[in-house]
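Each remark here refers to the structure printed beneath this line.
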Amino acid sequence: MESTKNCNNYPKRVFGSELAPESFFVPVRSSKEVPSSANSIISLLNTYGVAVVEFEENESARQQLLCFGQLFGNTMRHDRSDDDGIAEVAVIDESSVYPGVSSRAYTFHTDGSYDENPPPIVALRCEIPARRGGVTQLASGKKLHEWLLSKDRAALETLYEKDSLSIKRAGKSFSGAVFTEYSGNRVRLRYRSDEAALASDSQKTQKAINLVQDFLSEEENLVSFELGARQVLLTDNFTVLHGRTAFGADDPRRMHRLWFDRLSSNNDEVCVGFIANK
């Protein structure tokens, strides 16, 4: 359990297209320097829910991912990861219903949304950027929450209901809320809208989901940029939605992803989720 007192100082700031992607960047020479840059990295995660660490040296993906365990705790395995929890993200099967293993656009989502306990922190390292396309897109869950509050309070309340999101993927099923209150006054977000998401029969739920999609379709609500080689995108998975645009099927684009459970010596410093206006 994180320190509520400490995290009250970090309600999270909303962001959109007005924020330059470079605002998230933290340059480091190598994986050995990550601990000395911990304050800068954690500060960005606590402020926006996003940090991009730029490595200068050409180390392995494994080195430049596992080094973050000193900040974010234990790695979390899943069905496509290796023993360390690292999963390659590349074109494996264009016919798959899961866009993450194809070259088509990957709609906005939070990682592990089909798991009972999704990862609090997600790291995505670029090995080979796409030649064209494959643009990373980020959206603030707190801004989405505030937008729904001003647009349609009833729709927002619907997304707090336990059956507002249903997902079936990799032999797992989940049914729960898009927004959930936890750890005192904080809120966490869980979402996806691709083929793994099951459409609701409820008109009010479908209306609320359609509003979420309206928000995510507006460029002004997004930060978009191309993740470069040896850059690691870190996201607070309870606050930030991410996706990417399509790229060529023959493109060599390759990434590696790793999840962290946030159970570390910095447990009281890394604040996931956001404080919502009511």
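The values are calculated or read from the model by the stated rules, or taken from the named source; none is laboratory data. Small disclaimer: the values here were computed from a predicted structure and weren't measured. Virtual Cβ from ideal backbone geometry, glycine too; neighbours counted across all protein chains shown.
Of note:
- Residue check, Phe174 of a type in the set (Phe, Trp, Tyr) and either surrounded by fewer than 16 Cβ atoms within 10 Å (Cβ to Cβ) or modelled with pLDDT of 95 or more (or both): no
- Long-range neighbours under 7 Å by Cβ, at least six apart or interchain, first residue over 16 Å from Asn185 (Cβ atoms) within segment 253-278, second modelled with pLDDT of 95 or more and of a type in the set (Phe, Trp, Tyr): Arg253/Phe247; Phe260/Phe68; Phe260/Phe72; Arg262/Phe72; Ser264/Phe72; Val270/Phe72
- All positions within segment 209-228 that are touching a Gly at 6+ places or on another chain (Cβ under 9 Å), closer than 24 Å to Pro129 by Cα and part of a loop (DSSP other than H, G, I, E, B): Glu226, Leu227
- Residue match in segment 239-248 (condition: crowded, with 22+ Cβ neighbours inside 10 Å, at pLDDT 95 or above and in a loop (DSSP other than H, G, I, E, B)): yes
- Enumerated strands (runs of 3 or more DSSP E) restricted to segment 98-180, each holding at least 3 residues that are touching a strand residue (DSSP E or B) at 6+ places or on another chain (Cβ under 9 Å) and within 15 Å of Gln213 (Cα to Cα): 106-109, 136-140
- Inspection of segment 185-197 identifies at least one residue that is more than 20 Å from the chain's Cα centre (by Cα) and in contact (Cβ under 8 Å) with a residue 40 or more places away in the chain.
- Number of residues in segment 181-208 that are among the hydrophobic types (A, V, I, L, M, F, W, C), surrounded by 15 or more Cβ atoms within 10 Å (Cβ to Cβ) and not in a strand (DSSP E or B): the value is 2.
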